[in-house]
Each structure stands twice: as C-alpha cells, then as structure tokens.
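Colleague: For reference, the structure I am asking about is given below.
The values are calculated or read from the model by the stated rules, or taken from the named source; none is laboratory data. Owing to the predicted nature of the structure, the values given are computational and were not obtained by experimental measurement. Glycine gets a Cβ as well: all are built from the backbone with ideal geometry, and neighbour counts include every protein chain shown. Protein only, heavy atoms only, side chains kept; ligands, DNA and RNA dropped before computing areas. Shrake-Rupley method; radii C 1.70, N 1.55, O 1.52, S 1.80 Å.
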Amino acid sequence: MSTTHEKIEQLRKRTDKIKLGGGLKAIEKQHALGKMTAHERLHLLYDTGFYDELYRFAEHHSTTLGMTDKQLPADGVVTCMGAVGKRLLYASAQDFTVMGGSVGHMHAWKICEVMDMAMKQGAPYVSINDSGGARIQEAVDSLQGYGKIFYYNTLLSGVVPQIAIVAGPCAGGAAYSPALMDFIIQVHGTGHLFIAGPEVIKKATGEDISAEELGGAVAQSARSGNVHFIARDDSHAIEITQTLLSYLPSNNMEDPPYYPTEGLDLEPVDDLNMIIPDDSRESYDMYQVIERIADPESFFEVHAHFARNIIIGFARVNGHVVGVVANQPMVKAGCLDIDASDKSSMFIRFCNAFNVPLVTLVDVPGFMPGVEQEFGGIIRHGAKMLFSYSAATVPKITVVLRKAYGGAYLAMCAKALGADRVAAWPTAEIAVMGAEGAVSVLYRNDIKAADDPKAKRKEFVAGYEAEFSTPYLAAARGMVDSVIEPKDTRAYIGIALEALQTKRELRPQKKHGLIPM
Ligand code: HXC
C-alpha cells in the first residue's frame, strides 16, 4: 500500500508527464516550425498565466489499428478555464505534439464539455486549432465527435462569444468549427485552413496551388473572407484575442465592458469640417472620420483585409463600446457589393446578439452594378444587410456624411430600418440616385432637343443637385432628425448613446426569422 505522500508524488509525476504532451522531441519540432505548444499558448492567454486544466487524465478508448497500447496524453487537447481581463473564459487548445492533435472521441468530448460549461456559465469560449483532423484510427467515433463540436458551436452561437485561433493545420470538415464561431484569427505562415488541400484539388481539378496560397492567412482573410484577423505569430494571435475580448460582454445577457470617462465629451472636433472635398466625386479616407469620432486609440478594426469598401470594427465613445459600420469612399467609391454585404451583415448580427450599439457612417453611391454581381446574387446578399439592420434592436445611430442613394441608403441603416437617431452633414446627398443618372432619365429628350445639349445637361444637373442632393428634403420629412456640422458628430453620437442606454424594443415572438442566405 502506498502512503499518502507516495500517492501525491505519483500524481505529480503523472501530471508532469501528461503536461509534456508528445514529449521533448515533438515539442522541439513544434518550436522549430515557429509554433508554441498548447500549454504555452494557454499560459500566454490567461491572466497571470494561470488556468485550471479540466479532464487532464482523459484517455482514448480505441482498440482499432494498434491503438490499444497507445498512450495519448490528455487525448491531444488541453481543455481549461481561467480569467482573461479578470473575466471567466473557457478554452481548448489542440496539442499537435500528441498524434498531430488529431480528433478522437475523448478529444471531441472534452471540447464539448468545456463548451457546455461556457454556455451554462455565460463565459466566452476560445478554441485554439492545430490538428491533423479526424483521427483516422477512430473512424466514425471521430466524425461523431466533430458533429458534436459543430452542434455545440451552434448552441453557443448568440449566447456567448466564440473565438477561433487557427495556429496550425485545420483542414477538411475540421474547418467548419471555426466557421461556425464568431471570429477567426489565423496565424500567418503556420495556420492553414481549407476544405480540400492542394493534393486533392490537383487530383480533382488539375489546379496547381500551394498550401499557403490556398489556405494561408492572407488567402483566407483577403480573398475568401473566412478569416477576420491575421496574426504574425502565436503570441500576436493571443494578443488579438485578448483585445477582442476587452470589447465583448461575457454573454448575451450582459452589456459590453464600460470604461467610465470623466463625463460626456461634447467638445467639437474642428478638423471634421474639413474632411469632405468640395467635389463630391473626390474620395476621402473614412478611417480619418472614425478616428475623430471614437475615443482616442479605441478603434479596433475587424475583417480589415476583406471587402475594404466597407469598414467594420469596435470602438468606444465616452467609454461605451459601439460597433462601427462605415462605407470607405477610397475603395470602389464605397459601393456595396456582395462581399461588403456579407461582411457587414455578420457583424451587425453579432453586435445585436451581444448588446453592442451600432454606429453607421454613410457615404454610399449605391449597390455595385455588374453582371458578375447580379449572377453572384447581389440581391440575396444585399438583402442580408436590410434584414440584419431591421432585425437589430440594439441602439442604432446613423450619420449620413455625403452620398446616400437608393437602396444602398436604406441598407446603411436608414430611419425606415429602425434607426433610433439619424443625423446628416450639410454635405449629405440623400436621393434615389446621383444627379447625372437622374437627369439622364428625366430630361433625356429635352437635352437631345437643346441647341447646346452639354450646357442644357449642366443646367439640369445643377437644378437637381440644388433640390435633391441635400439633406433638407429628408430632414423635412423626419427621415433625418438633425442636420449637424461635421465637427459636432462625436458629441451627437455621445449624447445619443447616453439617451439610448435604456432603449427597449420588443418584437413579436417567433422561432427565428429567415435571413436570406
Ligand atoms: C491520426 C495523425 C493524423 C490523423 C497526423 N497524425 N494527422 N494520426 N490521424 N488525422 C499523426 C501522424 O501520423 C504523425 O504521427 C503525427 O500525427 C504528426 O504528423 P506529421 O505528419 O509527422 O506532421 P507534419 O509533417 O507536420 O504534417 C501535418 C499534416 C499531416 C499535414 C496535418 O499529418 C497530415 O496530412 N495528416 C493527415 C490529415 C488528414 O488527412 N486528416 C483527415 C482529414 S479529414 P507519428 O506517430 O509519426 O508522430 C477530416 C474529416 C473531418 O478531418 C470531418 C469532420 C466533419
């Protein structure tokens, strides 16, 4: 019979062995690739480096393909809880040093268990992916495990924030777990995300492409739009995760963290009056506007590399977290296209689910015209924006800076979609379409018949602009509450946010709406 002291020693030895994962050689290999181990990543993520590991002693049950004698420490995944920014956070980190971090029955069960705890306790969940995918030896048990992970991702959706870090291979069906989560952070160079890898593609279609070109962070962020943040390395991925969490409530029953400031800042921001060029065809940089409206250094952009014609991100105004959606006139003139609609709709729905007020900055000439856009389903995709804004019951504040034409004006959270406050700058042009287009439709015959068609067209354009390309028609009909000087925009949003803190909006009960997909 061993003594208590011996049993404690035995526990220590077992723990140390398990914490070493696949052993020193495998850890060296992991480091040589520029990757941290699962424990190193978690140590960096949690406050003071402390986390409580759950199910450390879990073992696989498989008896197939020589698995009986195989010992897989923690079954290749560390599952735990701890605090980040002093708030509870659950996480799982796949351990590539243990059989390539492959997913067997217990591995998946452990992940589902911490997700279940996160859901019941209202804490965010972070999943660090670094895995060769379904453990081949565990066959259908592995597939069942993945299915359960997807099921829990869906249960957690809209209840607690879910963040995926792709820090190694994440291929095949495995890619669908990050895809079901709210934000994906991918590590440049080591993270790879794809459904079918280069070899499969070569066999299926004959196309030649490297793993990095196909599933690297740049491709998956800028081209496919699956990934929200590119990290330089593992520690940068952790830093992004911590920053992102600092803007988010722990669950859908809480408000985002509020950073009290010394009262309302109502000071004018004078140089906003100089932002809009005299020629309305000239572009300007919307980032300059956002930076002047948000609290200093508080704007945290999401999805920066994808659909750059629209900007989304979190910011603080007088300490209150807001979600910013803004057209970027410098890219595609700020038009809304398929990708911009998808990008912003997902963000709007996230903000609504997690009680983040929406601030929308409008300078939009319209939906992007083109055969490719039409055949790609711009109608269906653009409808997502109308749906997302209309369905959102969080405070919605809209500021029209310049162009606000047609359906795109509505899609950028116009009053008709339930905006609580709509302000317009004096440079706003709120109309069915721009002057040139309108004049061509309305006065085509008059222009053709004129002695000097060019001069006549100019005259009509000037007349249209004076009457329609202003904010005053919309203000006269209550679609704009205030026409404000640009310099007063920060104060306007600050006051509106304070007033809307108590906003309550009830809708008829239903199972769920049917967002166009
Ligand atoms: C069992 C696996 C494994 C897997 C890796 N290993 N992937 N074991 N099942 N899926 C093992 C390797 O045999 C090796 O064991 C160790 O992990 C490290 O792997 P290496 O190949 O040495 O590492 P590396 O050279 O870095 O290559 C990484 C890799 C490669 C590219 C991920 O391992 C690979 O191609 N693995 C298979 C990927 C795959 O086809 N998975 C199934 C996808 S389908 P030893 O003992 O030698 O150290 C899928 C379906 C999910 O996931 C569906 C959900 C709906």
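Colleague: Tally up the residues in region 472-490 that are over 16 Å from Thr360 (Cα atoms) and not in a helix (DSSP H, G or I), please.
Modeller: Here the count works out to 3.
Colleague: Hey, does region 194-209 have a residue that's in contact (Cβ under 8 Å) with a residue 12 or more places away in the chain and either open to solvent by less than 10 Å² (accessible area, probe 1.4 Å) or closer than 25 Å to Lys120 by Cα (or both)?
Modeller: no
Colleague: When region 17-54 is examined, which residues are found to be closer than 29 Å to Leu143 by Cα, open to solvent by 80 Å² or more (accessible area, probe 1.4 Å) and away from the ligand (no atom under 16 Å from the Cβ)?
Modeller: Those that are closer than 29 Å to Leu143 by Cα, open to solvent by 80 Å² or more (accessible area, probe 1.4 Å) and away from the ligand (no atom under 16 Å from the Cβ): Lys17, Lys19.
Colleague: Tell me, which residue of region 145-174 that is surrounded by fewer than 19 Cβ atoms within 10 Å (Cβ to Cβ) and in a helix (DSSP H, G or I) is farthest from the ligand (Cβ to nearest atom)?
Modeller: The extreme case among them is Leu155.
Colleague: State whether the residues of region 175-187 include one that is more than 30 Å from Glu254 (Cβ to Cβ), more than 9 Å from the ligand (Cβ to nearest atom) and either among the aromatic types (Phe, Trp, Tyr) or surrounded by fewer than 17 Cβ atoms within 10 Å (Cβ to Cβ) (or both).
Modeller: Taking every residue of region 175-187 in turn, none turns out to be more than 30 Å from Glu254 (Cβ to Cβ), more than 9 Å from the ligand (Cβ to nearest atom) and either among the aromatic types (Phe, Trp, Tyr) or surrounded by fewer than 17 Cβ atoms within 10 Å (Cβ to Cβ) (or both).
Colleague: With Phe350, Phe354 as the choices, which residue is over 29 Å from Pro426 (Cβ atoms), surrounded by 24 or more Cβ atoms within 10 Å (Cβ to Cβ) and under 20 Å from the mean Cα position of the chain (by Cα)?
Modeller: Of Phe350, Phe354, the one residue that is over 29 Å from Pro426 (Cβ atoms), surrounded by 24 or more Cβ atoms within 10 Å (Cβ to Cβ) and under 20 Å from the mean Cα position of the chain (by Cα) is Phe354.
Colleague: Pairs please, first residue from region 218-234 and without any contact (Cβ under 8 Å) to a residue 60 or more places away in the chain, second anywhere and open to solvent by 10 Å² or more (accessible area, probe 1.4 Å) and assigned to a helix (DSSP H, G or I), Cβ atoms under 9 Å, 6+ apart in sequence or on different chains.
Modeller: Pairs found: Ala219/Glu212; Ala219/Glu213; Gln220/Leu214; Asn226/Ala175; Asn226/Ala179; Asn226/Gln220.
Colleague: Another question, then. Given the criterion open to solvent by less than 10 Å² (accessible area, probe 1.4 Å), near the ligand (Cβ under 8 Å from one of its atoms), within 28 Å of Ala26 (Cα to Cα) and not in a helix (DSSP H, G or I), identify the matching residue among Ser92, Ser142, Ser131.
Modeller: The conditions single out Ser131.
Colleague: Right, here's the next one. Go through (1) within 25 Å of Lys25 (Cβ to Cβ); (2) surrounded by fewer than 22 Cβ atoms within 10 Å (Cβ to Cβ); (3) more than 9 Å from the ligand (Cβ to nearest atom); (4) not hydrophobic (A, V, I, L, M, F, W, C) and name the single condition Gln137 misses.
Modeller: Every listed condition holds for Gln137 apart from (3).
Every residue, every condition in (1) part of a strand (DSSP E or B); (2) touching a residue at least 12 places away in the same chain (Cβ under 8 Å); (3) within 26 Å of the chain's Cα centre (by Cα), yes or no:
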residue	(1), (2), (3)
Ala383	no, yes, yes
Val399	yes, yes, yes
Thr427	no, yes, no
Met433	no, yes, no
Asp446	no, yes, no
Phe460	no, yes, no
Glu467	no, no, no
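Colleague: Just name the residue that is farthest from the ligand (Cβ to nearest atom) out of those in region 210-230 that are open to solvent by 30 Å² or more (accessible area, probe 1.4 Å) and part of a helix (DSSP H, G or I).
Modeller: Once the filter is applied, the top-ranked residue is Ala222.
Colleague: Next up: Only residues in region 154-180 that are within 11 Å of Met115 (Cα to Cα) count as the first member; pair them with residues that are more than 9 Å from the ligand (Cβ to nearest atom) and at pLDDT below 95, Cβ under 7 angstrom, at least 6 apart or cross-chain, and list the lot.
Modeller: So the pair list comes out empty.
Colleague: Any idea which residue in region 95-128 is surrounded by the fewest Cβ atoms within 10 Å (Cβ to Cβ), counting only those that are on the phi > 0 side of the Ramachandran plot and within 9 Å of the ligand (Cβ to nearest atom)?
Modeller: Step by step, filter region 95-128, then rank; the result is Gly100.
Colleague: Pick out the one residue from Glu6, Glu59, Glu40 that is of a type in the set (Asp, Glu) and part of a loop (DSSP other than H, G, I, E, B). Give the derivation first.
Modeller: Details: Glu6 fails: part of a loop (DSSP other than H, G, I, E, B); Glu40 fails: part of a loop (DSSP other than H, G, I, E, B).
When all the criteria are applied, what remains is Glu59.
Colleague: Here's something else I'd like to know. I need the full set of residues from region 231-248 which are crowded, with 17+ Cβ neighbours inside 10 Å and of a type in the set (Asp, Glu), in order please.
Modeller: Answer for region 231-248, where residues must be crowded, with 17+ Cβ neighbours inside 10 Å and of a type in the set (Asp, Glu): just Asp234.
Colleague: Residue check, Glu9 against (1) within 16 Å of the ligand (Cβ to nearest atom); (2) over 36 Å from the mean Cα position of the chain (by Cα); (3) loosely packed, with under 13 Cβ neighbours inside 10 Å; (4) not hydroxyl-bearing (Ser, Thr, Tyr), all met but one. Which one?
Modeller: Just one mismatch for Glu9, condition (1).
Colleague: Note down all Cβ pairs under 9 Å where the first residue falls in region 332-344 and is farther than 13 Å from Tyr409 by Cα and surrounded by 22 or more Cβ atoms within 10 Å (Cβ to Cβ), the second is modelled with pLDDT under 95 and among the charged types (D, E, K, R), and they're at least six residues apart or on different chains.
Modeller: Pairs that qualify, where the first residue is farther than 13 Å from Tyr409 by Cα and surrounded by 22 or more Cβ atoms within 10 Å (Cβ to Cβ) and the partner is modelled with pLDDT under 95 and among the charged types (D, E, K, R): there are none.
Colleague: Would region 249-259 turn up any residue that is open to solvent by 30 Å² or more (accessible area, probe 1.4 Å) and assigned to a helix (DSSP H, G or I)?
Modeller: no
Colleague: Just the residues that are among the basic types (Lys, Arg) and either in a loop (DSSP other than H, G, I, E, B) or open to solvent by 80 Å² or more (accessible area, probe 1.4 Å) (or both), please, taken from region 448-458.
Modeller: Lys448, Lys454, Lys458
Colleague: Moving to a separate point now. Residue by residue through region 492-517, note down the ones that are of a type outside the set (Val, Ile, Thr), over 30 Å from Gly377 (Cα atoms) and either open to solvent by less than 100 Å² (accessible area, probe 1.4 Å) or in contact with a His (Cβ under 9 Å, 6 or more places away or on another chain) (or both).
Modeller: Selection gives Tyr492, Gly494, Ala496, Leu497, Glu498, Ala499, Leu500, Gln501, Lys503, Glu505.
Colleague: Is there a residue being open to solvent by 30 Å² or more (accessible area, probe 1.4 Å) and touching a Cys at 6+ places or on another chain (Cβ under 8 Å) anywhere in region 380-388?
Modeller: no
Colleague: When the residues of region 466-483 are filtered to those that are within 17 Å of Ala438 (Cα to Cα), among the hydrophobic types (A, V, I, L, M, F, W, C) and open to solvent by 70 Å² or more (accessible area, probe 1.4 Å), which remaining residue is modelled with the highest pLDDT?
Modeller: If we take residues in region 466-483 being within 17 Å of Ala438 (Cα to Cα), among the hydrophobic types (A, V, I, L, M, F, W, C) and open to solvent by 70 Å² or more (accessible area, probe 1.4 Å), then Ala466 is modelled with the highest pLDDT.
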